[in-house]
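Enquirer: This structure is in structure tokens; I'll ask about it shortly.
None of the figures in this text is laboratory data; all of them are computed from the coordinates on show. All figures in this text were calculated on a predicted structure; none of them were measured in a lab. In this analysis, Cβ positions are derived from the backbone assuming ideal geometry, glycine residues included, and neighbour counts consider all displayed protein chains.
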Amino acid sequence: MRPNSRPIPRFIADTTQEGIPHGRFAERLREEFAKAVDGIGDLPAGVELPAELDWFPERAWGGRVWVPCSAKTESEEGRLELFGHVSYVQPPEGEPTGFEAKADFTDILAEDNPDWRIDLNDDVIGRWRGENGRAGAVTLVWGRPLVRGAVAATAVLETETVDQELISQDRFTLIALDALEGYGDDLFMEVKLWSRRADELASETLYA
């Protein structure tokens, strides 16, 4: 087989092993996320972190396990969504260590946008560097289908699938390259939803 003209990494993350966190471990993750929420400088007054957060399936990349989350809450300025992730190192044996968390908020909500077909959040968690200045942003993406019948989500660069995961409890997590540079026009990730019959149900970029 001849050399690939676009040798980008595909399927760089481990697939989910534990699924959506629950029980005592979910409480431990919430403690870390709460610290990150407390550190948001422009958070509107009156925000309280709910007791239960919506956790998404974990994915592992770069020596860390990444667990996204979101939560709807109220503030003095109205309803908003807290979102972010907690990551940690999982040794082959023993308890997780090295917890880190990141949090932000938005007042742009899916329920106020009936034309949305996917509710997405994302964060750049690393950088990939190729030859001759080629590069891309390793991006954590988590979301919910807003159409019926979706069973899987994929991350696509142009015509190439670079990650995929089954949807669990109406939630999915992807880790893949975005904003690919150095191959002509910059390429941006699209997230696609698929039915059980492999019909495409929805497609969104991270920049819509």
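Enquirer: Need pairs with beta-carbon distance below 9 Å; first residue without any contact (Cβ under 8 Å) to a residue 24 or more places away in the chain and within the stretch 1-18, second assigned to a loop (DSSP other than H, G, I, E, B) and surrounded by 11 or more Cβ atoms within 10 Å (Cβ to Cβ); sequence gap 6+ or separate chains.
Expert: Ser5/Tyr183
Enquirer: Of Pro114, Pro9, which residue is in contact with a Leu (Cβ under 8 Å, 6 or more places away or on another chain), assigned to a loop (DSSP other than H, G, I, E, B) and loosely packed, with under 15 Cβ neighbours inside 10 Å?
Expert: Pro9
Enquirer: State all residues of the stretch 144-163 that are in contact with a Ser or Thr (Cβ under 9 Å, 6 or more places away or on another chain) and touching a residue at least 60 places away in the same chain (Cβ under 8 Å); if no residue qualifies, say none.
Expert: Correct list: Thr161, Val162, Asp163.
Enquirer: A further question follows. Step by step: first the residues of the stretch 29-48, then only those that are in contact (Cβ under 8 Å) with a residue 40 or more places away in the chain and of a type in the set (D, E, K, R), then the one that is surrounded by the fewest Cβ atoms within 10 Å (Cβ to Cβ). Which residue is that?
Expert: Applying the filter and picking the extreme gives Lys35.
Enquirer: Tally time: how many residues in the stretch 163-208 are hydroxyl-bearing (Ser, Thr, Tyr) and over 21 Å from Asp123 (Cβ atoms)?
Expert: Of the residues in the stretch 163-208, 2 are hydroxyl-bearing (Ser, Thr, Tyr) and over 21 Å from Asp123 (Cβ atoms).
Enquirer: A follow-up question, please. Can you tell me which residues in the stretch 117-146 are more than 17 Å from the chain's Cα centre (by Cα) and not small (Gly, Ala, Ser)?
Expert: Selection gives Trp128, Arg129, Glu131, Asn132, Arg134.
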